[in-house]
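Presented below is the structure to which this report refers.
The values are calculated or read from the model by the stated rules, or taken from the named source; none is laboratory data. Computed from a predicted model, the values in this text were never measured in an experiment. When we count neighbours, we look across all protein chains shown, and the Cβ atoms used for this are built from the backbone with ideal geometry, even at glycine. Accessible surface areas use protein heavy atoms only, side chains included; no ligands, DNA or RNA. Shrake-Rupley method; radii C 1.70, N 1.55, O 1.52, S 1.80 Å.
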Amino acid sequence: MVTQTMQTIDIHAHILTEETIRLLQREAPKVGPKLSELGDQFATLDVAGSVYRHFPRGGWDVEHRLQDMAASKVDVQVLSVCPQTFVYAQPPALAAAFARIQNEQLAKLAKARPDRFLAIATLPMQAPKQAADELRHAVRVLGLRGAQIGSNVAGKNLDDPELEPVWATAAELDAFILLHPINVAGADRLSSYYLGNLIGNPLDTTIAAACLVFSGVLERHPSLKICLAHGGGFVPYQAGRFVHGWHVRAEPKRALGKPPTDSLKRFYFDTIVHSREVLEFLVGNAARATRRGRSPDAVRTHFAWMREQRGNGGEKNVATSGADAGCQARGRRRIRVRSQRRESYPRRPRLLDRQRRLRRG
Ligand SMILES: [Zn+2]
């Protein structure tokens, strides 16, 4: 039975307002984002030569976004920057300046509408010590809830030992980390058919997750909370292979002293999988992992953490946290999981219709 107090919280919601664009442009005119071909519904976004067409109006227009949220019955969004603005390949000073500008802007949006927005920071990951400092500032001073980071740092995998300060600080702050694909592997073979997105994005998330597991990052930081975008890439489907590989080969054991099972159970997932069947697999899988691997207390702790983040004692759920969603669905039947939703930005009308049909069905 769904309770009146339950809320749907969308944790994968990029934003880049026109004010932020102006500030980034002023900071670095050549690299700063540009919006062009502004239409009623879409524009073209260009960040340092990386062009994104059909950037939806809700991506830059807050009022439009609020209307889209109402139409798609999302109560709260956890705002994050557009990954194009990570600028990990740029000099650290520029990335740090971009991060500070965007984090202050995100904080301003969340402060203006605390009933509708939370926010997570962006970090200059090419300078890990600065990234850790920025995360601390974002959480402690700006009131953000964690950070969104890329699946690699300008081609460096996330098992790079230099990134240790970021993981240690995130764990210490109990920060929520959304891991989002960027600069994907195999791009030279994924140039046709939009495969850079269709395969490249989940592939790079999978590489990032595997690096965090097999390098022992998750094992070393038991409180680190990592949410994998796009339903975890290929991780949920191939988790058995990771475990099997650890048992039968020497290489996966080198930095991980025990099977990867426990580390794999630690991941959170969003629900952007575009298929009811796949979502059911994801939720069921995460719920099974949760039941096997965690005591009920541990599961409750996760809910408590989420409630704390909202500053509200009512029943809440992060719709896009697979493990928690599955567990709650099975345990208390108080969940509303979005079975279909478009990534990142407010939805297109055609997809909204489809969502409504699915909800009715
Ligand atoms: Zn995204």
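If R0 is 25 Å, what FRET efficiency do you get for LYS156 and LYS111 from their C-beta distance, rounded to 0.05? Before the final figure, lay out each step's value.
Details: r = 34 Å, r/R0 = 1.36.
Once rounded, the FRET efficiency stands at 0.15.
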State in Å² the accessible area per residue of the range 132-177; use a 1.4 Å probe, count heavy atoms of protein chains only, and round to the nearest integer.
-> 36
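What share of the DSSP beta bridges in the range 8-82 is antiparallel, in percent to the nearest 5? Please list the in-between numbers first.
Numbers: 8 of 13 bridges.
Given both bridge residues lie in the range 8-82, the antiparallel proportion sits at roughly 60 percent.
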Span from the the range 250-271 Cα centroid across to the the range 97-158 one, whole angstrom | 26
Placing each pseudo-label 7 Å from Cα in the direction of the beta carbon, ARG220 and ALA187 end up separated by a distance in nanometres of 2.8
By average Cβ neighbour count within 10 Å, what is the ranking of 148-157, 226-235 from highest down?
-> 226-235, 148-157
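Report Rg/Rh for the range 5-55, rounded to two decimals, where Rg is the Cα radius of gyration and Rh the Kirkwood radius.
Numbers: Rg = 13.8 Å, Rh = 12.4 Å.
Ratio of gyration radius to Kirkwood radius: 1.11.
Among rounded, prolate and oblate, which fits the range 212-279 when a ≥ b ≥ c are the square roots of the eigenvalues of its C-alpha gyration tensor, a/c under 1.5 means rounded, and a/b larger than b/c means prolate? The partial results should precede the final answer.
Numbers: a/c = 3.15, a/b = 1.56, b/c = 2.02.
Oblate.
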Considering only protein heavy atoms and a 1.4 Å probe, what is the carbon-and-sulfur percentage of the accessible area of the range 1-101?
-> 53
What is the Cα convex hull volume of the range 206-248 when expressed per residue in Å³?
-> 72
Estimated distance in nm for a label pair at LEU38 and ALA89, the labels positioned 7 Å out from Cα along Cα-to-Cβ = 2.9
Would you mind telling me the antiparallel percentage of the DSSP bridges in the range 76-205, rounded to 5?
-> 10
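Using every Cα-Cα pair within the range 69-178, state what percent have a distance larger than 16 Å.
Counting every Cα pair in the range 69-178, those more than 16 Å apart make up 55 percent.
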Apply the Karplus parameterisation 6.51 cos²θ - 1.76 cosθ + 1.60, with θ equal to phi minus 60°, to every residue of the range 253-269 and state each ³J(HN,Hα) to the nearest whole Hz, in sequence, with x for glycine and proline.
-> 8, 4, 10, 10, x, 9, x, x, 3, 5, 5, 4, 5, 6, 5, 9, 9
Contour excess over end-to-end distance, with Cα ends at GLU277 and ARG26 and 0.36 nm allotted per residue | 85.7 nm
In square nanometres, what is the average projected area of the Cα convex hull of the range 115-241?
-> 8.7
